[in-house]
């Protein structure tokens, strides 16, 4: 039989903190795809044993091109009568998600439906993926795989001599802070390192368009804009010296965590890249200058 690891017990007994009153639920944060409201299970979905039924009747997927860090991709469809859940995952991933089925629609009153919201890791490699969907019925019977081909397309960061970028993967409010070699901190509260009144070489005295500029304060105040990306850009030559990039978790906006990636590019060449996870405890910082955890330190060499 195509049975999974106690899915029906967990779907009924999994609370936000524990599974069946026992061990904590697996959050699947390192999986390449996440399904909102689904329960995560370890093991590749393409390796599950399956029966001839139940089947996925159809899938509605409006876009086959995805980007790293994409959130809220909608996927829906209809399932065989008797299906009570749907399993969704990428072939070869560390796990898959089981989402409870919805009620039938008026056009097909005997066929349960599903409505899934998918989010993808910001570290998703550039390649093609096989998204697998299986109808599930009691007791833990997985039907045959339905395949949806997905292609990854990168959204390039802004162009500039130096670009420091932050991406994250949940609808949370994270902030990028970058400290330049002069000690000037660029962030949502000080979006430009230019100081028109500086009289000493200890501060930037270039021009307004030559210095480091924050391009956008994404998801500010949990007003979700869908970007989940911030960049500090030096359009012209950046000052030589040591830089520090920090990630401040202003708010997770009700999410349990957010995976983030920070990278610095000098004339298109990476000076360093770091990945991490923002947790509820990271919301403790002051939210102002100096706030956040150090994510990346790098050096811009002298010309």
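The values are calculated or read from the model by the stated rules, or taken from the named source; none is laboratory data. The shown structure was predicted, so the numbers you read here are calculated from the model rather than taken from an experiment. Please note: Cβ atoms are built from the backbone with ideal geometry, for glycine as well, and neighbour counts cover all protein chains shown.
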Only one of 80, 107, 93 that is more than 30 Å from residue 228 (Cα to Cα) and in contact with a strand residue (DSSP E or B) (Cβ under 7 Å, 6 or more places away or on another chain): 80
Single residue of region 37-48 satisfying the filter (surrounded by fewer than 15 Cβ atoms within 10 Å (Cβ to Cβ) and in contact with a strand residue (DSSP E or B) (Cβ under 7 Å, 6 or more places away or on another chain)) that is nearest to residue 74 (Cα to Cα): 37
Test: residue in region 182-196 that is modelled with pLDDT of 90 or more, surrounded by fewer than 17 Cβ atoms within 10 Å (Cβ to Cβ), under 23 Å from residue 71 (Cα atoms) and within 26 Å of the chain's Cα centre (by Cα): no
From 242, 248, residue being surrounded by fewer than 20 Cβ atoms within 10 Å (Cβ to Cβ) and either outside the structural domain of residue 71 (by TED's automatic domain parsing) or within 24 Å of residue 31 (Cα to Cα) (or both): 242
